[in-house]
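What follows is a single structure, written as structure tokens, with notes after it.
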Amino acid sequence: MHDIIIVFIVFLTSVLFSMLGLGGAIFYVPFFYGIGMELKSAITIALLLNIVTSSSAAMLYLRKKMVDIQAAVPLILFAAIGTLIGEYLARQTPTNIILFIFSIQMIFIATEMLFAKFEKLYKGKEIEGKKKKLLIIVGGFVIGVLSGLLGVGGGSFVVPMLMVLGYGIKISIATSGFIVVFVSLSAFLAHLPTWEPDITLVLYITVVSFIGAQMGSRLMYSRIKAETLRKVLGTLLLIMALKILTDLF
């Protein structure tokens, strides 16, 4: 695929996913793998783009005081521990198994985007006390493992988790974007020693990812309706997941 097309797709993806508090790795990993990149390299570059996209969006969210630091810090700490285990598992796990797990995760996320069952189930509810602390510890650790293993930032799990803890959708998205920066960074550093990138392409997509996330975060802050966007992205992820499963079997 021509580099210009890749750059445009990365730009568009960063705009769309930053509006939902996600870094876009759930799309980037199968996309780069699908155009011929080795899976481990696809995971590493997806994590890099996660860092750039989420950092760009988090800059705005922090300025607007939309990030809940008290919830973010412990999640980041436990997720960082999980990424070390996830990266080790990635080195030991065959490519087909990683792709299978990734596709199942994509189906879960796509289903939530399309039908918002989890969001509807926990809307208006709130967890406090020891249950809240346990959820942060366990949830952060699991998100870290998945990030290290699959090359995702965990935003698709952080957002519903924060909603369960009683945060509104806007604060959940903003806080998730902040958390994803550090979770992705931890996993990226773990994968970095074995990465051999195309420096020129990486430079281009890093720049457009930053710009796209700035646009997306501003659109989210201005109260753009995200329902249609979620359904479109959910459909796209579902198609991609089914394509991966079809190729595997």
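The values are calculated or read from the model by the stated rules, or taken from the named source; none is laboratory data. In this text the structure is predicted, and so the values were computed from the model without any measurement. Cβ sites come from the backbone with ideal geometry, for glycine too, and all protein chains shown count toward neighbours.
If you go through segment 32-52, how many residues are touching a Ser or Thr at 6+ places or on another chain (Cβ under 8 Å) and either farther than 15 Å from E196 by Cα or aliphatic (A, V, I, L, M) (or both)? Result for segment 32-52: 7.
Inspect segment 19-26 for any residue being modelled with pLDDT of 85 or more and touching a helix residue (DSSP H, G or I) at 6+ places or on another chain (Cβ under 9 Å) and give the result as yes or no. No, segment 19-26 contains no residue that is modelled with pLDDT of 85 or more and touching a helix residue (DSSP H, G or I) at 6+ places or on another chain (Cβ under 9 Å). Restricting attention to segment 53-78, the residues being buried (at least 23 other Cβ atoms within 10 Å of the Cβ), within 15 Å of the chain's Cα centre (by Cα) and not small (G, A, S) number 2.
Taking the residues in segment 79-97 that are hydrophobic (A, V, I, L, M, F, W, C) and crowded, with 18+ Cβ neighbours inside 10 Å as candidates, determine which candidate is nearest to T175 (Cα to Cα). Outline the logic, then answer.
Going through segment 79-97, the residues hydrophobic (A, V, I, L, M, F, W, C) turn out to be 79-81, 84-85, 89-90, 97.
Retained after the next criterion (residues that are crowded, with 18+ Cβ neighbours inside 10 Å): 79-80, 90.
Working: A79: 14, A80: 16, A90: 27 Å.
The qualifying residue nearest to T175 (Cα to Cα) is A79.
Residues of segment 1-30 that are β-branched (V, I, T) and under 17 Å from the mean Cα position of the chain (by Cα): I9, V10, T13, V15, I26, V29.
The residue that is surrounded by the most Cβ atoms within 10 Å (Cβ to Cβ), among those in segment 144-158 that are in a helix (DSSP H, G or I) and within 10 Å of the chain's Cα centre (by Cα), is S147. I'd like to know if segment 31-43 contains one or more residues that are within 13 Å of the chain's Cα centre (by Cα) and either assigned to a helix (DSSP H, G or I) or closer than 28 Å to I239 by Cα (or both). Looking through segment 31-43, at least one residue is within 13 Å of the chain's Cα centre (by Cα) and either assigned to a helix (DSSP H, G or I) or closer than 28 Å to I239 by Cα (or both).
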